[in-house]
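Got a structure for you, questions after.
The values are calculated or read from the model by the stated rules, or taken from the named source; none is laboratory data. Because the structure is predicted, anything quoted here is derived from the model rather than measured. Glycine also receives a Cβ, built like all others from the backbone with ideal geometry; neighbour counts cover every protein chain displayed.
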Amino acid sequence: MSMITKTSHPFLLKASQVAEILNTSKSFAYALMNKGEIPVVRLGKSVRVRHEDLEEFILANVDKGNHGKTAW
């Protein structure tokens with residue numbers, strides 16, 4: 001089952017939507033996209049992120065070492 005529902009977001013996500021889902025700033029979302037940590041689809045000068053790629057990024061970055069405790 002998809003974590004990101006396709007009914008609440010279009011198939012290709014804008015950086016602002018990626019930022020909203022990750023609860024980060026749009027500039028941080030762009031940085032992740034520019035570094036290649038989140039794969040992008042290029043449409044001319046625009047970049048978009050597929051749901052599947054964002055979900056893979058989220059799952060790959062789950063911190064399993066602290067067992068749900070905050071890092072601070």
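Restricting to segment 32-59, count the residues that are within 11 Å of the chain's Cα centre (by Cα) and in a helix (DSSP H, G or I).
Within segment 32-59, residues that are within 11 Å of the chain's Cα centre (by Cα) and in a helix (DSSP H, G or I) number 11.
Next question, about the same structure. Scan segment 1-19 residue by residue and report those that are surrounded by 12 or more Cβ atoms within 10 Å (Cβ to Cβ), touching a strand residue (DSSP E or B) at 6+ places or on another chain (Cβ under 9 Å) and either modelled with pLDDT under 95 or more than 19 Å from residue 62 (Cβ to Cβ) (or both).
Within segment 1-19, 4, 12, 13, 14, 15, 17 meet the criteria.
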